[in-house]
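For reference, the structure discussed in these notes is given below.
What follows draws every value from the coordinates through simple rules; no lab data is involved. No experiment lies behind these values; they were computed from the predicted model shown. All Cβ positions, even for glycine, are placed from backbone atoms using ideal geometry, and neighbour counts span all protein chains on display.
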Amino acid sequence: MALTLFISDLHLDSTLPELTDLFVQFMHEQAPKADAVYILGDLFEAWVGDDDDRAGTQLFIDELRALADKDVPLFVMPGNRDFLFSSEFEKRCHCTLLNDPTVIDLYGTPTLLMHGDSLCTDDIKHQESRALLRSTDWKSRFLDQPLEDRIQQAKEYRSMSRKHLKDAPDAIMDVNQEAVINAMREHKVQQLIHGHTHRPAIHSLTVNGEQARRIVLGDWNSQGSVLSCNESDCRLTRF
Ligand SMILES: [Mn+2]
């Protein structure tokens, strides 16, 4: 039986043992049954560089790599927290990094995959910092620093981001409908799967006068969230 799994927004953090257990459980019980596993961003709470060799980080890498050993292809898209994934990460976990956006053929349906933060165009502050942090200049200056300094800075960024999340109005934190339709038109798809907003749902919409759908993956907290797709349908579940 065909099965493709999509997850996102796990926000893995080695200081959170319950979340770590949930991830390990998913990687051992559900992921090996799939034809392919897609992680659409924010796998990690923060990624400070592919050279992060702390034991807590290595444990996650080992779990990812074990999937490749079971011949289940693993595709990882960077999110706004782990946008520093690079080729060394691919080598370490035997996965394939995906560009945001990427179009795949999901059992015959062209499907656009995105992390989702680029669709939140009403959040001007996020879009500004996104543009800055993705610049080659910023990345190389950040990565040139010792690991310890990067870890410290990531902590500061996270507390700034938490403050922004708390202060920003709820509506601007969701996707902008026009941005969604534009992206789907541009990539000529009637199906979009993304994460980031932590608002799991399957939305119907009209794109180019035709029925389309936007599937939003859920975040992980005390429960895991997974989208399971086969030839006939996709469904969101918690576990
Ligand atoms: Mn995100």
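Brief remarks follow.
- Computed over the chain: relative contact order in percent, which uses C-alpha pairs under 8 Å that are six or more apart: 23
- If you plug the beta carbon distance of residue 232 and residue 24 into 1/(1 + (r/R0)^6) with R0 = 35 Å, you get a FRET efficiency near 0.70.
- Spatial separation of Cα centroids for segment 42-72 and segment 169-229, in angstrom: 26
- Rounded to the nearest 500, the helix-only mean residue ellipticity at 222 nm of the chain stands at -10000 deg cm²/dmol, with each DSSP H run of n ≥ 4 adding -39,500 (n - 2.57).
- FRET efficiency for residue 144 and residue 58, using Cβ-Cβ distance with R0 set to 22 Å, rounded to 0.05: 0.45
- Packing-based order for 76-89, 97-110, using average beta carbon neighbours within 10 Å, highest first: 76-89, 97-110
- Order by protection proxy (mean Cβ within 10 Å, highest first), peptides 144-151, 119-126: 119-126, 144-151
- The lysine pair count for the chain, using Cα distances under 24 Å and pairs eight or more places apart or on different chains, is 12.
- Unit charges at the beta carbon, dipole of the chain: most positive-side option, 145, 196, 20: 196
- Net charge in the neighbourhood of residue 138 (other residues with Cβ under 14 Å of its Cβ; Lys, Arg +1, Asp, Glu -1) is +2.
- Label reach from residue 2 (point 7 Å along Cα→C-beta): in segment 76-108, amide nitrogens under 16 Å belong to 104-108.
- Segment 1-129: projected area of the alpha-carbon convex hull, averaged over directions, in nm²: 8.6
- On the principal axes of its alpha carbon atoms, segment 169-226 extends 39, 27, 16 Å, with the longest extent given first.
- Residue exposure sequence - 173, 114 - by fewest surrounding Cβ within 10 Å: 173, 114
- Separation in nanometres of the label points that stand 7 Å from Cα toward Cβ, at residue 105 and residue 199: 3.4
- Each label point was placed 7 Å from the Cα along the Cα-to-Cβ direction; for residue 14 and residue 87 their separation is 2.6 nm.
- Residue list for segment 206-231, given a label point 7 angstrom along the Cα-to-Cβ vector of residue 185 and an amide N cut-off under 20 Å: 206-215
- The mean sequence distance of close C-alpha pairs (under 8 Å, at least 6 residues apart), as a share of the length of segment 2-127, puts its relative contact order at 23 percent.
- Where a label projected 7 Å from the Cα of residue 96 along Cα→Cβ would reach, residues of segment 14-57 with amide N under 15 Å: 35-40
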